[in-house]
Each structure stands twice: as C-alpha cells, then as structure tokens.
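Step one of this worksheet: look at the structure below.
The values are calculated or read from the model by the stated rules, or taken from the named source; none is laboratory data. A quick note: this is a predicted structure, and the numbers were derived from the prediction, not measured. Note: ideal-geometry Cβ built from the backbone for every residue, glycine included; neighbour counts use all protein chains shown. Note: areas computed on protein heavy atoms with side chains; ligands, DNA, RNA excluded. Shrake-Rupley method; radii C 1.70, N 1.55, O 1.52, S 1.80 Å.
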Amino acid sequence: MPLFCFNTAADYLEAARQMAITGRTALARLLAEEAADRTSDPSEAARILREFPGPSLRGED
C-alpha cells in the first residue's frame, strides 16, 4: 500500500503537513503549491500557501 495517494488538493495538503512535521520543509512547500494549484477557491489557495511560507521552489521552464 502506498504511503500517499495523490488525487485531490487535500491529498497534497496532507502530504505537505506530514513533510513539514518531519522537517522536510522544501518538499512541504512544493506539495503545498500543488495543493493550492488544485484548489478552485483563490482565498483557500492563498491560505494554503500562508501555512507553508517561503519562496516558490519550482523551476521555471
């Protein structure tokens, strides 16, 4: 059984919280950014990103 199953914004957010708890803040931020992207409500997306502060770690193409 996989550790995480990523189908919804909530799945990414839960994984981000787990990564933050274990000290993996960079991975937590990346997962939070993906959760925010999958959230249709802009205020909720902003709240998610506030929970995991820091600059975006995504590479730009």
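A few points about this structure:
- Protein accessible area in the chain, 1.4 Å probe - carbon and sulfur %: 57
- Accessible-area value, Thr22, 1.4 Å probe, nucleic acids and ligands omitted, Å²: 80
- Solvent exposure ordering (accessible area, 1.4 Å, most first) of Ile48, Ile21: Ile21, Ile48
- Extent of the chain along its three principal axes (Cα atoms, max minus min coordinate, largest first): 32, 25, 22 Å.
- This model, with +1 at the C-beta of Lys and Arg and -1 at the C-beta of Asp and Glu, gives the chain a dipole about its Cα centre of some 260 debye.
- Accessible area per residue in Å² at 1.4 Å probe, computed on the range 1-54: 64
- Normalising the average separation of contacting C-alpha pairs (under 8 angstrom, six or more residues apart) by the number of residues puts the relative contact order of the chain at 29 percent.
- Ligands, DNA and RNA aside, Leu49 has an accessible area near 60 Å² when probed at 1.4 Å.
- Applying 1/(1 + (r/R0)^6) with R0 = 25 Å to the Cβ-Cβ distance of Cys5 and Ser56 gives a FRET efficiency near 0.50.
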